[in-house]
Amino acid sequence: MTSVAGGPVAVELGPDEAAARVAASPPWLAARRRAAWDAYTALPMPSSQRDEDWRRTDISGLHLERFTPLRDVDAGLLAAMRLQRDQAAPGAAFALDAPAADLVITDADGLLAQGVIVTTLQDAASRHTELVQRALAAHTVDESKFSALWNAMWRGGVFVYVPSGVDAVAPVWIAHAASGDGAAVFPATVIVLDDAASLTVIDAYASPRGSQPLFSDAIAALTAGRDSRLDYIALQQWGEGAWHVATHRASLGANAKLRFFGATFGARLQKAYWEASLDGTGAEADIAGVCFGDGEQHLDHQSLQAHRAPETRSNLLLKVAVRDQARSVYSGLIEVAPAAVHADGYVQNRNLLLSHGAKADSVPRLEIRANDVKCGHGATAGHIDDEQRFYFMTRGVPREDADSLIVRGFMDDVIARVPHVGVANLLGTLLDSEIAGEPQSGVTEVEG
């Protein structure tokens, strides 16, 4: 064992593994990785007693020394993730982020003919250095313990670049797969859109069903140039033993438009940051999400809508349903810089408690430092409305079916915001299974 600040780390997640990552990287990335490892060893683990971000999320039970880097992925899991692609977006290119093997890219011929680049982040770091550096500039290596660890340890990853003026002919479906007892994974997604480009990305995270321990430390770096359009969907289905920390961060140029949708079903504990930085005049971000928790899941979402330029607009809607002893935590901030006059931002979080033991905390906030803006927030939490239930039951609908209809109706308007019809149908099916009492933590493996 090798001791570092924040607790002991197994050799595989310690200096030897960090050195191996450095050796496999081009000089600029090697320097970044060394700085990241130094930051990781210096920074303490987040604390619910000390850090405001983590005040409602306790990770004292996370012991990194019990995890080792992912070495292999079950073929049945990969087949299951590919099947989801086939069902929801059969025309999408399929990119596999599996550290144990070279990136597998299929069905990308149309994109490649347009000049779209779909490759590993490791390959892009050498062949498309300027693009990768631009995308990672918004993710400093020392901003947090987990960001530092990701910067030091990610391997493989997926990189997508869309040239100026290109409307990508097909979506890109990215599969971040992990299996095995005690695996540590560092999913990496980097998307760069040049001016007036457009693309749809489905970023899927999954492991097999079951309670096997898993640690996931993920970053998605999204850059959208002037007049571009990015539709980004994150689907999280880690197994019920997973610890998942993720940052999904978008930087938007002038008049760029982002439609971001997040769907959270899996993990024992999740801390996910959804962030949009509206850096150019007229940039717009529509962020929506659905979360269903059961058992003893602890699912924490934290959002940032950062208005940094004039005439920018953002809107966020997160709907959550929790039952059993599950807990949802949401903290959202709309931040308006002095230069962001005429900013328009709204954030709302709606929570449905399906059991007396379930809990939902919501803390939306505004930080406004500009004049002539329009910003607001809202949050609700409550149980199924008795009058709605009574309405259905007086028309012959059994109580259990009535409750299912009410929960589905609660989620329908947010599902309508999914920026891809096939994925919306898939998420609706997953929700229906959750409502019927079939948790969607993890996926069922299939024969390849």
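For residue 134 paired with residue 370, estimate the spin-label separation in nm (one decimal), with each label point 7 Å from Cα along the Cα-to-Cβ line.
Result: 2.3 nm between the two label points.
Please report the relative contact order for the range 70-127, taking Cα pairs under 8 Å with a sequence separation of at least 6, and give it as a percent rounded to a whole number.
27 percent.
Rounded to whole Å, give me the distance from the Cα center of the range 213-270 to that of the range 388-448.
Answer, in whole Å: 22.
Would you mind counting up the charge near residue 76? Only other residues with Cβ under 13 Å from its Cβ, with Lys and Arg at +1 and Asp and Glu at -1.
Summing Lys and Arg as +1 and Asp and Glu as -1 gives -2.
Which ³J(HN,Hα) values, rounded to whole Hz and listed in residue order, are derived for the range 15-27 from phi using the Karplus coefficients 6.51, -1.76 and 1.60 in 6.51 cos²θ - 1.76 cosθ + 1.60 with θ = phi - 60°, glycine and proline given as x?
3J(HN,Hα) across the range 15-27, in whole Hz: x, 4, 5, 4, 5, 5, 5, 4, 4, 8, 10, x, x.
Counting other Cβ atoms within 10 Å, which trypsin sites (Lys or Arg not before Pro) in the range 366-440 have at most 13 and lie in a DSSP loop?
369, 395
List the lysines whose Cα lies under 28 Å from the Cα of residue 374, skipping any in the same chain that are fewer than 8 positions away.
Qualifying lysines at Cα under 28 Å: 257, 319.
Tell me which residues come under 5 Å, amide H to amide H, from residue 262 once H is placed; ignore anything under 5 positions away on its chain.
Correct list: 234, 288, 289, 290.
Quick one: length gained pulling residue 395 to residue 126 fully straight, 0.36 nm per residue minus the C-alpha distance? Let's see the in-between values first.
Working: separation 269, 0.36 × 269 = 96.84 nm, distance 6.50 nm.
The span from residue 395 to residue 126 would gain 90.3 nm if fully extended.
When the Karplus curve 6.51 cos²θ - 1.76 cosθ + 1.60 is applied with θ = phi - 60°, which whole-Hz ³J(HN,Hα) does each residue of the range 391-404 get, with x for Gly and Pro?
Taking θ as phi minus 60°, the curve returns 4, 5, 5, 5, 9, x, 8, x, 3, 4, 5, 4, 4, 4 Hz for the range 391-404.
Would you please give the FRET efficiency between residue 48 and residue 181, computed as 1/(1 + (r/R0)^6) with r the Cβ-Cβ distance and R0 = 30 Å, to the nearest 0.05? Please report the intermediate quantities before stating the final value.
Numbers: r = 27 Å, r/R0 = 0.89.
FRET efficiency, residue 48 to residue 181: 0.65.
Neighbour counts of other C-beta atoms within 10 Å: give me 189, 394, 68, 41 arranged from fewest to most.
Ascending Cβ contact count within 10 Å gives the list 394, 68, 41, 189.
For residue 145, which lysines qualify as cross-link partners when the Cα separation must be under 24 Å and same-chain residues fewer than eight apart are set aside?
Partners within reach: 271.
Which ³J(HN,Hα) values, rounded to whole Hz and listed in residue order, are derived for the range 65-77 from phi using the Karplus coefficients 6.51, -1.76 and 1.60 in 6.51 cos²θ - 1.76 cosθ + 1.60 with θ = phi - 60°, glycine and proline given as x?
These are the phi-based 3J(HN,Hα) values: 5, 8, 10, 10, x, 4, 10, 7, 10, 5, 4, x, 5 Hz.
What number comes out for the charge environment of residue 113, summing +1 per Lys or Arg and -1 per Asp or Glu over other residues with Cβ under 15 Å away?
My count for the surroundings of residue 113 gives -3.
Between residue 385 and residue 86, what is the FRET efficiency for a Förster distance of 56 Å, r being their Cβ-Cβ separation, to the nearest 0.05?
On the way: r = 39 Å, r/R0 = 0.69.
So the FRET efficiency works out to roughly 0.90.
Please report, in debye to the nearest 20, how large the charge dipole of the range 144-292 is about its Cα centre when each Lys and Arg carries +1 at its beta carbon and each Asp and Glu carries -1 there. Don't jump to the answer; show the numbers that get you there.
Values: 10 positive and 13 negative charges, 80 e Å.
Around 380 debye, computed over the range 144-292.
What is the gain in length, in nm to one decimal, between residue 107 and residue 169 on full extension, counting 0.36 nm per residue of separation less the C-alpha to C-alpha distance?
Result: 21.2 nm gained on full extension.
Per DSSP helix of 4 or more residues, -39500 (n - 2.57); summed, then divided by the residues of the chain. What does that give at 222 nm, rounded to the nearest 500? Each step should come with its number before you reach the end.
On the way: 10 runs with 108 residues, N = 448.
The helix contribution divided over the chain gives -7500 deg cm²/dmol.
In whole angstrom, how far apart do the alpha carbon centroids of the range 282-317 and the range 90-145 sit?
That distance is 24 Å.
Would you please calculate the Kirkwood hydrodynamic radius of the range 118-238 over all C-alpha pairs and express it in Å, rounded to one decimal?
It works out to 15.1 Å.
Give me the percent relative contact order of the range 196-322, please, defined on Cα pairs under 8 angstrom at least 6 residues apart.
22 percent
How high is the relative contact order of the range 276-427? Use alpha-carbon pairs under 8 Å, at least six apart in sequence, and give a whole percent.
Relative contact order, the range 276-427: 20 percent.
What net charge is computed for the residues neighbouring residue 361, neighbours being all others with C-beta under 11 Å from the C-beta of residue 361, Lys and Arg scored +1, Asp and Glu -1?
In short, +3.
Since every read-out is calculated from the coordinates, none of them should be taken as a lab result. For clarity, every value in this text was computed on a predicted model and none was experimentally measured. Every residue, glycine as well, gets a Cβ built from its backbone with ideal geometry; the counts of neighbours run over all protein chains shown.
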